[in-house]
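Notes to accompany the following structure.
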Amino acid sequence: MGRALVRSPLPERPQIHLISLPLAWELESTQVYLIESDPLTLVDTGVQSKASLAALESALDELGYGVADVERVILTHGHRDHFGLVETLRERGAQLECWVHEADAPMVEDFERVVRARLEGAFELFREAGATEEVLARIEGDRFHDLDQNLAEGRATHVDRALREGDRVEWKDFSFRVLHSPGHTPGHLLLEDDEAGLLFTGDQVMGQVVPRAETFYSALLPDPADPLRRRPRFKGLVELRRSLRRLRGRSDKWLLPGFGGLVRRADRTIRDTILYYDVRLQRIERSLRHLAALDQEVTAFELRTALFPPEASLERIRSQILLVIGALDCLEEDRLITTRRREDGVLTHRHR
């Protein structure tokens, strides 16, 4: 990774500094932003790790500050690579307030419980998708590794303010407006600086990285109104598609994402992200339409096997299944498919 700090990269708002913090992931760094105004504010913090903390301390020192000087943290969403260091900053003397959208506040304040619940629910989600016993065994066997990694890089911390759509985040001389933009998470938010033409986009819109949409069960019991008795679930791709369409036509000069550098053309990047998912939805719909013509229905796992080349990596298999599940959610939302539950509990899908 190169230099952690990029001073005042945007002349429209010189108070903003970009800080790159290391990750031990396929993506090697995440971007946080220091807003050098009153109150001194970080937008996101990176994961909890010695390397991440050292890079943040170095960048702050270069600007003439220490960790204890941070007065506020605004979180774009409740993932560990965005809030992981908040509690550590507090332990290092920062009398800071932590703000996040109300829908993601439980992820930050009750992190371990939420992670455990979602990892446990993932097994049921993949079983309903028709994953093979071999894949299910690998997912179950990997659950404790996933839990350990999450808890190593994220720590629960207190949320001081739960934000909502339209709230203002104020400094001495300017303010940003909160836009609720669910999809990547239920409470993902954007920060709009309409005066300077800037939009902080977190992991919702990025220049060189396609956003990932979450899906997870949001309740323990089946929905009594669902004829298939499915548990209520956050359908991230349905929400992401809706959020991206809402952003179409924006004229922001710059996007400030969590990965991939600063983005110059907001409208083009938003269109490209919408197109990425539209193409995949169309591909899956075509496959379902073809199978319907043959009087066949299909599981999400069978669709994944048909659409993607053989893959040994469990992480990629999971990502592919989740993409197919998300696409099926969108097609069901558009009333293009029907879904039924087999006697073994697996869900099958058919084009109308």
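Go through the range 197-216 and give me each residue that's buried (at least 18 other Cβ atoms within 10 Å of the Cβ) and either more than 16 Å from the chain's Cα centre (by Cα) or in a strand (DSSP E or B) (or both). Matches in the range 197-216: L198, L199, F200, T201, G202, T215, F216. Select from the range 311-323 the residues that are among the hydrophobic types (A, V, I, L, M, F, W, C) and touching an Asp or Glu at 6+ places or on another chain (Cβ under 9 Å) and write down the one among them that is nearest to R230 (Cα to Cα). The extreme case among them is L322.
Return the residues of the range 297-306 that are assigned to a helix (DSSP H, G or I), touching a residue at least 60 places away in the same chain (Cβ under 8 Å) and either in contact with a strand residue (DSSP E or B) (Cβ under 9 Å, 6 or more places away or on another chain) or hydroxyl-bearing (S, T, Y) (or both); say none if nothing qualifies. Listed by number, the residues that qualify are A300, E302. Could you please find all residues in the range 211-230 being more than 18 Å from R341 (Cβ to Cβ) and of a type in the set (K, R)? Listed by number, the list holds a single entry, R212. For the range 114-136, enumerate the residues that are assigned to a loop (DSSP other than H, G, I, E, B) and crowded, with 19+ Cβ neighbours inside 10 Å. A129, G130, A131 - these are the residues of the range 114-136 that are assigned to a loop (DSSP other than H, G, I, E, B) and crowded, with 19+ Cβ neighbours inside 10 Å. If the condition is being touching a Phe, Trp or Tyr at 6+ places or on another chain (Cβ under 7 Å) and at pLDDT below 95, then the range 103-121 contributes R118, G121. Applying the set (1) surrounded by 13 or more Cβ atoms within 10 Å (Cβ to Cβ); (2) in contact with a strand residue (DSSP E or B) (Cβ under 7 Å, 6 or more places away or on another chain); (3) not in a helix (DSSP H, G or I) to L328 leaves exactly one unmet item: (3).
Based on this model, can you work out whether R250 counts as outside any helix (DSSP H, G or I) and either surrounded by fewer than 21 Cβ atoms within 10 Å (Cβ to Cβ) or on the phi > 0 side of the Ramachandran plot (or both)? Yes, satisfied.
Taking the residues in the range 256-295 that are in contact with a Ser or Thr (Cβ under 7 Å, 6 or more places away or on another chain) and part of a loop (DSSP other than H, G, I, E, B) as candidates, determine which candidate is farthest from H77 (Cα to Cα). Among residues in the range 256-295 that are in contact with a Ser or Thr (Cβ under 7 Å, 6 or more places away or on another chain) and part of a loop (DSSP other than H, G, I, E, B), the one farthest from H77 (Cα to Cα) is F259. Please go through the range 273-290 and give me each residue that is farther than 22 Å from R245 by Cα and in contact with a helix residue (DSSP H, G or I) (Cβ under 9 Å, 6 or more places away or on another chain), ordered by number. S287, L288, listed by residue number. When you scan the range 307-319, do you find a residue that is under 20 Å from V346 (Cβ atoms) and free of Cβ contacts under 8 Å to residues at least 40 places away in the same chain, even just one? Within the range 307-319, one or more residues are under 20 Å from V346 (Cβ atoms) and free of Cβ contacts under 8 Å to residues at least 40 places away in the same chain.
Scan the range 266-285 and tell me whether some residue there is surrounded by 15 or more Cβ atoms within 10 Å (Cβ to Cβ), free of Cβ contacts under 8 Å to residues at least 40 places away in the same chain and within 19 Å of the chain's Cα centre (by Cα). Yes, the conditions are met somewhere in the range 266-285. Only strands (runs of 3 or more DSSP E) whose full extent lies in the range 137-190 are considered here, and the ones with at least 2 residues that are surrounded by 14 or more Cβ atoms within 10 Å (Cβ to Cβ), of a type in the set (A, V, I, L, M) and at pLDDT 95 or above are 161-163, 175-180. Taking S287 as the residue in question, decide whether it is out of contact with any Lys or Arg (no Cβ under 9 Å at 6 or more places or on another chain), of a type in the set (S, T, Y) and within 30 Å of V32 (Cβ to Cβ). No, not satisfied. Condition (residue is at pLDDT below 90, surrounded by fewer than 13 Cβ atoms within 10 Å (Cβ to Cβ), assigned to a loop (DSSP other than H, G, I, E, B) and touching a strand residue (DSSP E or B) at 6+ places or on another chain (Cβ under 8 Å)) applied to the range 219-231: is it met by at least one residue? Yes, that holds for at least one residue.
Whenever a residue of the range 25-42 is under 12 Å from Y65 (Cα atoms), its partners that are among the aliphatic types (A, V, I, L, M) and surrounded by fewer than 19 Cβ atoms within 10 Å (Cβ to Cβ), lying with C-beta atoms within less than 7 angstrom and at least six residues away or across chains, give the pairs L34/L63; E36/L63. When you scan the range 176-185, do you find a residue that is among the charged types (D, E, K, R) and more than 24 Å from V324 (Cα to Cα), even just one? So far as the range 176-185 goes, yes, one or more of its residues are among the charged types (D, E, K, R) and more than 24 Å from V324 (Cα to Cα).
Does I317 meet the test of being in a helix (DSSP H, G or I), modelled with pLDDT of 95 or more, closer than 15 Å to A129 by Cβ and among the hydrophobic types (A, V, I, L, M, F, W, C)? In short, no.
The values are calculated or read from the model by the stated rules, or taken from the named source; none is laboratory data. Computed from a prediction, not measured in an experiment: that's the story for all the values here. Cβ sites come from the backbone with ideal geometry, for glycine too, and all protein chains shown count toward neighbours.
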